[in-house]
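See structure below.
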Amino acid sequence: MLSKRLRIWIVGVLFLASVIYLFRQDLIFKPYHYYRSLSANIEKITLEIPIDDFLYIDSLRNDVLKTQIVKASHKSFVKAVLTIDDKILDVKIRLKGDQLDHYQTNPPSYRVRTLKNKTVLGTNKFSLQYFGARNFMPEWIFHKILEQHDILSLHTDVVELNVNQNKTVCTFEEHFTHHLTDRFKRPRGPIICISEDVLWNNGVLNDSVKYETPKEIYFNSPIKEFNYYAVLDSNVRASAKALLNDFRNNKREISEVFDIERLAIHMAISELTNTHHGLNWHNRRFYYNPSSRRLEPIGFDGSSWHTKSDFAYDTPSLNYLKWSGLYVNKQFIDAYLGHLERISKESYLDDFFRQNSIEIYELENRIYKKNLFHSSDYQYIYRNAQWIRENINDYKSRLLISLKG
């Protein structure tokens with residue numbers, strides 16, 4: 001029989017343990033994360049925008065919020081001065097984003113371009129995005145895995161931004177320039193995509209042409225070339241666009257258009273990280289390698305928010321991959337499935353997190369400066385991998401059927 005004092009003591013301990021468990025975010029995690037944020041090694045970027053230009057950009061932002069529509073006219077550049085690490089640079093900035101969430105924060109998301117060939121964090125064109133964009137850590141993991149497989153992927157980071165004395169923590173994302181391909185030691189070549197302008201303009205190409213269906217929009221949107229900021233041969237640029245157009249119209253073998261191995265790895269990593277959003281045709285970006293005369297995929301806008309529940313083949317928004325003949329190419333299917341099996345092993349993910357633990361820890365410290373309740377639980381990607389292992393045999397069978405037509 002327990003004494004009265006002991007019973008009171010046990011009840012007290014259980015009550016205290018319950019309180020700590022229920023309020024663990026405030027009592028344990030928040031103080032711990034705050035402590036870690038104090039040691040964060042975070043880049044500080046200051047933007048000074050002349051008041052008239054600032055008010056002009058703000059009026060454009062307010063118009064987006066009022067009309068709930070983003071137009072090309074909302075993305076006008078103005079001049080500003082950027083300071084980083086005691087370097088003072090002349091830049092041009094504009095509002096950035098096709099969705100309203102980029103405009104609802106203060107400050108909003110910006111696209112920045114430096115003048116006089118100066119660079120910021122290794123590039124001369126980049127985005128400073130509100131922190132909720134892309135779901136940062138899963139996005140960073142997506143890009144890091146691509147990078148470790150020598151697949152072109154964007155440099156992303158967490159930075160402290162001060163816009164006309166308005167401070168925030170946001171994400172940094174490089175844009176598509178020669179600095180990207182130089183970093184991966186590729187020969188200089190154009191970066192292209194199928195323009196998303198017609199899509200965001202609800203199918204309207206011009207005053208006399210409007211496409212009604214997603215398929216029509218896909219097949220009729222023009223090929224866009226990004227401003228590479230390095231001199232490129234006009235014939236090389238034309239070859240790049242012709243390849244992408246031939247892929248879209250199923251006029252060439254996939255192996256004649258793409259670096260098959262890199263395309264297969266990119267697709268497999270997109271499955272593992274559940275970044276199907278980045279596989280939508282309007283989010284795809286490609287680099288044309290003038291040495292191989294093939295297109296290489298570039299990781300972009302994965303925006304993974306959910307645990308995996310389907311493969312790319314079964315995702316309705318990715319039907320264009322079937323229209324364009326990707327799933328009837330045996331060389332691609334074999335490589336894609338092989339890489340999917342390899343990277344979905346639990347040991348592969350264990351190695352990845354072990355190799356990158358220091359960088360992940362430092363990134364989390366920067367994130368805690370913005371969000372003390374950020375979760376550092378990366379079990380989502382292990383669950384993705386497990387889902388792939390459990391479903392890949394059936395997936396293989398269905399893809400083999402698609403090969404037979």
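So the values come out like this:
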quantity	calculated
The lone exception for SER208 - which of (1) over 27 Å from the mean Cα position of the chain (by Cα); (2) farther than 24 Å from ALA72 by Cα it fails	(2)
Restricting segment 218-235 to residues that are more than 19 Å from ASP246 (Cβ to Cβ) and not aromatic (Phe, Trp, Tyr), the residue that is surrounded by the fewest Cβ atoms within 10 Å (Cβ to Cβ)	VAL231
Hey, SER344 under 25 Å from ILE217 (Cα atoms) and crowded, with 19+ Cβ neighbours inside 10 Å or not	no
Given (1) touching a helix residue (DSSP H, G or I) at 6+ places or on another chain (Cβ under 8 Å); (2) free of Cβ contacts under 8 Å to residues at least 12 places away in the same chain; (3) closer than 25 Å to PHE126 by Cβ, number of the condition VAL204 does not satisfy	(3)
Boolean, ARG366 is outside any loop (DSSP other than H, G, I, E, B), surrounded by 14 or more Cβ atoms within 10 Å (Cβ to Cβ) and among the charged types (D, E, K, R)	yes
Tally, over segment 346-391, of residues that are in contact with an Asp or Glu (Cβ under 9 Å, 6 or more places away or on another chain), aliphatic (A, V, I, L, M) and within 30 Å of LYS167 (Cα to Cα)	1
Output for segment 302-328, where each listed residue is at positive phi and either part of a helix (DSSP H, G or I) or out of contact with any Ser or Thr (no Cβ under 8 Å at 6 or more places or on another chain) (or both)	GLY325
Qualifying position, being surrounded by 14 or more Cβ atoms within 10 Å (Cβ to Cβ), part of a helix (DSSP H, G or I) and of a type in the set (Ser, Thr, Tyr), among TYR361, TYR382	TYR382
Selected residue (criterion: surrounded by the most Cβ atoms within 10 Å (Cβ to Cβ)) from residues of segment 288-301 that are in contact with a helix residue (DSSP H, G or I) (Cβ under 9 Å, 6 or more places away or on another chain) and assigned to a loop (DSSP other than H, G, I, E, B)	PHE300
Single residue of GLU196, GLU147, GLU174 found to be in contact with a Phe, Trp or Tyr (Cβ under 6 Å, 6 or more places away or on another chain) and of a type outside the set (A, V, I, L, M, F, W, C)	GLU174
Near pairs, Cβ below 7 angstrom, 6+ apart or cross-chain, from segment 132-154 (more than 22 Å from ASP377 (Cα to Cα)) to any residue that is surrounded by fewer than 20 Cβ atoms within 10 Å (Cβ to Cβ) and of a type in the set (Phe, Trp, Tyr)	ASP150/PHE184; LEU152/PHE184
Given (1) under 24 Å from THR105 (Cβ atoms); (2) in contact (Cβ under 8 Å) with a residue 60 or more places away in the chain, index of the condition GLU174 fails	(2)
Options ALA264, ALA268, ALA230, ALA240; residue that is part of a helix (DSSP H, G or I) and over 30 Å from GLU346 (Cβ atoms)	ALA240
Test: residue in segment 147-167 that is assigned to a helix (DSSP H, G or I), touching a helix residue (DSSP H, G or I) at 6+ places or on another chain (Cβ under 9 Å), at pLDDT 95 or above and over 15 Å from THR123 (Cα atoms)	yes
Residue within segment 118-139 that is under 19 Å from the mean Cα position of the chain (by Cα), of a type in the set (Ser, Thr, Tyr) and at pLDDT 95 or above present	yes
Residue list for segment 243-287, filter: surrounded by fewer than 22 Cβ atoms within 10 Å (Cβ to Cβ) and in contact with an Asp or Glu (Cβ under 7 Å, 6 or more places away or on another chain)	ARG252, ASP259, HIS277, HIS282, ASN283
Residues of segment 140-170 that turn out to be within 13 Å of the chain's Cα centre (by Cα) and either on the phi > 0 side of the Ramachandran plot or assigned by TED's automatic domain parsing to the domain that holds PHE353 (or both), as a count	0
Failed item, numbered, when PHE219 is tested on (1) under 21 Å from the mean Cα position of the chain (by Cα); (2) touching a residue at least 12 places away in the same chain (Cβ under 8 Å); (3) in a helix (DSSP H, G or I)	(1)
Boolean, ARG293 is among the basic types (Lys, Arg), closer than 25 Å to ASN220 by Cβ and touching a residue at least 40 places away in the same chain (Cβ under 8 Å)	no
Boolean, ASP351 is surrounded by fewer than 18 Cβ atoms within 10 Å (Cβ to Cβ), in a helix (DSSP H, G or I) and without any contact (Cβ under 8 Å) to a residue 40 or more places away in the chain	yes
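The values are calculated or read from the model by the stated rules, or taken from the named source; none is laboratory data. Bear in mind the structure is a predicted one, so any value in this text is a computation, not a measurement. Neighbour counts are summed over all protein chains in view; Cβ atoms, including those assigned to glycine, are modelled from backbone coordinates with ideal geometry.
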